Amino acid sequence: MISTSPRATSVAGEPDAMSAREVLDLARSQQAAEDAAAARKLEAAARWADLHPPQSRHHAASFTLDGIEHEEAIAGDGCPTVAEFCIAELGTVLGISTTAAKRLIGHALELRHRLPRLWAAVHAGCVPAWRARLVAEATIHATPALTPASVAWIDAQVTPFAAKVGPAQLDRLVAEAIARQHPAEPVDPDDPHPACPDGRHVTIDADQVGFGGTTSVAAQLDLADALDLDHALQTGAAELKALGSTESLGARRAMALGHLARRQLALDLASATRLAADTDLAGQPTSLPAARALEFHLHFSAGLAGGLEIDHLGRMDEGQRLMVLDLVKSWCGDSHTKITVKPVIDLNTELTAPGYQPTGRQREQIALRDRTCVFPWCSQPARRCDLDHTVPFDHHAACDDPAQPGATTTSNLGALCRRHHRLKTHGRWQVSQPASGVFRWTSPHGHTYRRDSTGTTRVDSDPDPPAPPNRSSRAA
């Protein structure tokens, strides 16, 4: 809370008589300290890569196995590669995902080896590390790939201005510098179909779901197709308004796009008032197939006090977002929506399969229990992950052998994305499951982490993590 008195109160409870100038000086010094720390973190990432060069294939066997550690090229041409499995350990220490750690190391190597002027400016305190990383990200992923000479030219052009312009201007400056290193090839006027990269796409970001059940759609269309789509959306929005919709124009255009996806407009063309001519060969009225086929995994709390009462706010597995019950009702109440209700799965029940392969019910139970990959800080949805035996399954033991160390049972299974599944199998990480859904990971350098349905916790000083609280049943 901000005090309105002349003298604010500090965190320790003592009067804080700092003037406005002193507060600004404090903020400025803290920002400088933050920038310096970010520069040192880049330096640490580069040195970590130096300590983990790819293992030489000349000292290995004459054959390789799928899934074993390989060298990882994470920066541009001219930068050293690194051993793949080292990336995860740096990420866990920093409390970030393996993907974010890979990006950090890649930016550090790109700056140090291909953008040396910018690298020096960062360590001199002239350019914030986050600005330099924007440039590194652009040069690493430029298409076509930039040569070291081209990047050196960009380095000379961008560094003097990197700290003087805003992020948007910096993006334009880097894009212009890259474009100058890739001049467009001359177009043959006699060629009726000149070669050019096809950038058309439609991308639906279903992993990022808003509180109101919305998601973003981005597209690059042929101009004629774009104009046709705009006309269809404008027409659909006008029809919705004529039918009584009070939504905004933007909302009605979005609704019209959904109707187009279901190959129908606002009217229910399969109702009882359909045309008599719309019949099959036997003279029976035909019906349209389900126009909406949605598959979501939603969880709502329910109580039986005075009748069944369902909480108005639930959780959706897709995107790990909150979901309003009324919105789900509106989806299910729309015309031609096929609804499938799956049975409830008790997450506290121990399910066992007789062999190596988990059953479908086990897969659903583990996906509901773990939610994401169980490696520290990984957020890959569990439904996209492999099911891993925490204690490896012994294929030489009989399926019903009581001495089978790695039985296919709930308390010995966990969701692991393919990257971290390979790391567990071929790396030097150790993992145990002291309680069902609780995973204890130890890195090659001895750092320990506890991973459960609530997230990741560093437990280097906690040798015996407590079991998780009792979990209620979840609907599939």
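Only the coordinates and a few stated rules stand behind these numbers; no lab work does. As the structure is a prediction and not an experimental result, all values here were calculated from the model. FYI the Cβ positions are ideal-geometry reconstructions off the backbone, even for glycines, and counts take in every protein chain you see.
Packing-wise, with mean Cβ within 10 Å as the measure, how do 147-156, 172-181, 25-34 rank, highest first? Walk me through the numbers on the way to the answer.
Details: 147-156: 17.7, 172-181: 15.5, 25-34: 10.9.
Ranking the peptides 147-156, 172-181, 25-34 by packing returns 147-156, 172-181, 25-34.
Give me VAL158, VAL438, VAL374, VAL217 ranked fewest to most by other Cβ atoms within 10 Å of their Cβ, as a rough exposure proxy. The partial results should precede the final answer.
Details: VAL158 26, VAL438 19, VAL374 30, VAL217 12.
Fewest-to-most Cβ neighbours within 10 Å comes out as VAL217, VAL438, VAL158, VAL374.
Taking square-rooted eigenvalues a ≥ b ≥ c of the alpha carbon gyration tensor, is the stretch 88-157 rounded, prolate or oblate, where a/c under 1.5 means rounded and, failing that, a/b exceeding b/c means prolate? All intermediate terms of the calculation are to be shown ahead of the outcome.
Working: a/c = 2.59, a/b = 1.44, b/c = 1.80.
Here the stretch 88-157 falls in the oblate category.
Could you pull out every residue, at least 5 positions away or on a different chain, whose amide H is within less than 5 Å of the one on THR372? Hs are placed 1.01 Å off N in the peptide plane, and Pro or chain starts have none.
The answer is ALA382.
Counting other C-beta atoms within 10 Å, which of ASP370, ASP171, ASP35 has the fewest, and how do the rest follow? Each step should come with its number before you reach the end.
Numbers: ASP370 24, ASP171 14, ASP35 18.
Listing ASP370, ASP171, ASP35 from fewest to most nearby Cβ atoms yields ASP171, ASP35, ASP370.
Could you grab the relative contact order for the stretch 344-462? Cα pairs under 8 Å, six or more apart, rounded to a whole percent.
On the way: 214 pairs, mean separation 28.4, N = 119.
Across the stretch 344-462, relative contact order equals 24 percent.
If the cut-off is a Cα-Cα distance under 26 Å, which lysines reach LYS342, setting aside same-chain residues fewer than 8 apart in sequence?
Partners within reach: LYS329.
Please turn the phi angles of the stretch 141-150 into ³J(HN,Hα) values with the Karplus equation 6.51 cos²θ - 1.76 cosθ + 1.60 (θ = phi - 60°), one per residue in order, whole Hz, x for glycine and proline.
9, 5, 10, x, 4, 8, 7, x, 5, 5
What list of ³J(HN,Hα) values in whole Hz, one per residue of the stretch 440-447 in order, does the Karplus curve 6.51 cos²θ - 1.76 cosθ + 1.60 (θ = phi - 60°) give from phi, with Gly and Pro shown as x?
Whole-Hz 3J(HN,Hα) from phi for the stretch 440-447: 10, 10, 10, 7, x, 9, x, 7.
Sort 88-97, 442-451 for me by packing, meaning the mean count of neighbouring Cβ atoms within 10 Å per residue, highest on top.
So the peptides 88-97, 442-451, ranked by packing, come out 88-97, 442-451.
If one computes the Cα centroid of the stretch 93-171 and of the stretch 371-420, what distance in Å separates the two points?
Each part reduced to its Cα centre gives a spacing of 39 Å.
Taking the number of other C-beta atoms within 10 Å as the exposure measure, put SER245, SER216, SER411, SER19 in order starting with the fewest. It would help to have the intermediate numbers written out before the result.
Working: SER245 14, SER216 11, SER411 17, SER19 8.
The fewest-first ordering by Cβ neighbours comes to SER19, SER216, SER245, SER411.
Per residue of the stretch 94-109, in order, report the coupling 6.51 cos²θ - 1.76 cosθ + 1.60 (Karplus, θ = phi - 60°) as ³J(HN,Hα) in whole Hz, putting x for Gly and Pro.
Residue by residue, the stretch 94-109 yields 7, x, 10, 6, 4, 5, 5, 5, 4, 5, 4, 5, x, 5, 4, 5 Hz.
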